[in-house]
């Protein structure tokens with residue numbers, strides 16, 4: 001009705017109808033002055049702190065830096081506090097710029113040229129230049145009001161060494177503020193965002209839409225994570241973090257300049273658990289990761305272990321070490337394994353308790369520990385530090401300056417950062433052999449680098465039997481038997497009652513042995529005959545970071561990936577675990593994977609896209 005509502009009536013139309021519309025005013029042009037007065041009243045307090053926008057206004061929008069509607073998409077008001085870094089233009093590539101002469105025919109472009117207005121990325125630049133850098137974690141949880149997070153972002157933006165603020169999503173499995181909205185607002189305050197993208201609450205189409213939204217807003221730093229198991233609501237976990245990185249890499253090939261960070265935990269003290277963390281990191285690097293960020297930990301030997309592992313394999317991906325400013329409350333929680341994947345040793349917990357009795361409640365001691373950790377990371381060759389546990393800009397600045405002062409003493413400080421797990425697994429007998437010039441340090445108790453755990457014969461019985469069956473009846477390649485079975489299953493597929501009968505038969509055979517859940521995309525042979533559907537997160541490329549001593553973070557049971565690694569070790573084919581296993585085609589759920597396999601309908605490594613089966617080496 002809005003466009004057709006009559007705003008005036010002739011007298012001939014009838015007085016009653018005229019009266020009904022007597023107070024409907026005709027639309028007027030030139031209302032911008034009134035709007036300016038309203039805006040002025042709303043922003044009166046902020047006007048004194050407004051900073052002049054370095055960008056020129058657009059002629060088509062009345063001299064404003066944004067055309068109408070763009071301010072909302074860019075995160076609201078463009079106000080900036082005094083002293084903050086100026087915001088760069090929106091991320092657009094090669095815009096057509098018209099030059100006008102300002103005369104009568106000024107609407108005609110006399111000539112045009114292509115110009116680049118791509119936003120600079122401080123995080124990507126620092127990493128590319130191999131300059132030791134700092135990222136701070138901004139926990140956008142529901143326990144903290146959004147304006148408080150943004151106030152912290154405004155102050156952190158003044159710390160010159162910080163190249164990004166990492167905006168969390170589902171931190172610890174808890175709902176929080178919208179990371180895209182917080183990231184957009186943080187950028188408007190001068191802090192480059194690194195937005196966490198998880199697989200918790202969206203399917204692959206929803207995640208793709210989120211990534212497209214990030215690109216539209218010019219937010220190109222993403223931290224690709226599987227995500228913690230949610231405390232409330234129904235999780236989705238349609239894909240895992242490896243496939244998420246591949247999705248981002250695909251969008252990047254299409255012109256979206258994402259910079260992708262991924263997670264890795266060197267702080268696992270069960271052999272299969274730790275080695276699979278490294279294997280999964282290799283998959284992420286092969287998928288297109290630009291940067292790795294470690295999980296929380298206070299064990300310098302493990303920090304060195306990760307660096308050496310990558311160096312020995314020629315993997316030059318930069319690493320940021322996680323430096324957590326550990327207070328007593330967080331230490332108490334982490335000592336119980338919460339949040340999942342975070343662990344504090346009894347010795348460190350006791351040290352924090354003692355420190356908290358000081359007049360400053362242990363503040364100076366925990367900042368000093370953080371600074372010493374940064375110094376060790378820099379000495380080990382890490383690309384930077386990922387600071388968590390505080391939003392206080394003064395504390396962050398203190399840690400950075402103190403770390404600079406301690407930089408030359410990192411070898412002495414290395415031995416102090418030794419809060420590992422007694423009897424835990426360490427990959428190398430001497431992780432510092434190639435990292436320091438000091439005399440070799442004895443390996444911690446329980447070092448099993450040269451003697452991997454041997455799985456029981458019972459756990460390898462099924463894989464050995466099925467491997468023998470596969471050799472006896474080869475169907476993985478084009479053989480006469482495969483061609484016969486393909487024709488047979490094609491004939492069955494055209495008869496729905498028979499197809500349903502085959503599906504029921506398959507489930508009856510596989511469910512008691514493998515825990516089959518009829519996903520229709522069987523990948524048992526690529527996972528040492530362990531069904532990925534038995535993992536609560538349905539991971540297909542390795543364990544998440546939430547395991548504790550090889551046990552699942554969700555269910556009270558061993559992580560399925562421990563069995564996968566043990567079986568692969570026994571069979572001498574650990575290298576095959578580097579193969580990317582794609583997420584299933586969910587539309588095939590409840591159908592026979594036998595039929596789907598022989599008719600090439602399913603998603604599996606040997607028939608996904610041309611890069612699906614690509615290995616790191």
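The values are calculated or read from the model by the stated rules, or taken from the named source; none is laboratory data. Please read these numbers as outputs of a predicted model, since none were measured by experiment. Neighbour counts are summed over all protein chains in view; Cβ atoms, including those assigned to glycine, are modelled from backbone coordinates with ideal geometry.
Tallying residues that are buried (at least 21 other Cβ atoms within 10 Å of the Cβ) and in a helix (DSSP H, G or I) within the range 127-146 yields 1. Consider residue 167 carefully, then state whether it is buried (at least 22 other Cβ atoms within 10 Å of the Cβ), at pLDDT 95 or above and closer than 24 Å to residue 319 by Cβ. Yes; evaluated as a whole, the condition is true for this residue. Those helices (runs of 4 or more DSSP H) of the range 320-388 in which at least 2 residues are more than 27 Å from residue 132 (Cβ to Cβ) and in the same structural domain as residue 400 (by TED's automatic domain parsing), considering only elements entirely within it, cover 328-334, 346-355. Among residues of the range 582-599 that are within 23 Å of residue 246 (Cα to Cα) and not assigned by TED's automatic domain parsing to the domain that holds residue 476, none has a beta-carbon under 6 Å from a residue that is at pLDDT 95 or above and surrounded by fewer than 22 Cβ atoms within 10 Å (Cβ to Cβ) at least six positions away or on a different chain.
Tell me, which residue of the range 196-213 that is under 13 Å from the mean Cα position of the chain (by Cα) and free of Cβ contacts under 8 Å to residues at least 40 places away in the same chain is nearest to residue 537 (Cα to Cα)?
Going residue by residue through the range 196-213, those that are under 13 Å from the mean Cα position of the chain (by Cα) are 196-200, 207, 210-211.
Now narrow it down to the ones that are free of Cβ contacts under 8 Å to residues at least 40 places away in the same chain: 196, 198, 200, 210.
Values: 196: 18, 198: 12, 200: 9, 210: 20 Å.
Ranking the candidates gives 200 first.
The residue that is nearest to the chain's Cα centre (by Cα), among those in the range 534-582 that are surrounded by fewer than 19 Cβ atoms within 10 Å (Cβ to Cβ) and assigned to a helix (DSSP H, G or I), is 578. For the range 292-305, the count of residues that are modelled with pLDDT of 95 or more and over 30 Å from residue 390 (Cβ atoms) is zero. Screening residue 519 against (1) surrounded by fewer than 16 Cβ atoms within 10 Å (Cβ to Cβ); (2) not in a helix (DSSP H, G or I) leaves a single unmet condition, (1).
Just to be sure before I move on: is residue 289 within 28 Å of residue 121 (Cα to Cα), touching a strand residue (DSSP E or B) at 6+ places or on another chain (Cβ under 7 Å), modelled with pLDDT of 95 or more and part of a loop (DSSP other than H, G, I, E, B) in the structure I sent? Break it down stepwise before answering.
Values: within 28 Å of residue 121 (Cα to Cα): yes; touching a strand residue (DSSP E or B) at 6+ places or on another chain (Cβ under 7 Å): yes; modelled with pLDDT of 95 or more: yes; part of a loop (DSSP other than H, G, I, E, B): yes.
Against the criterion (within 28 Å of residue 121 (Cα to Cα), touching a strand residue (DSSP E or B) at 6+ places or on another chain (Cβ under 7 Å), modelled with pLDDT of 95 or more and part of a loop (DSSP other than H, G, I, E, B)), residue 289 qualifies.
Right, residue 314: at positive phi and touching a strand residue (DSSP E or B) at 6+ places or on another chain (Cβ under 8 Å) or not? In short, no.
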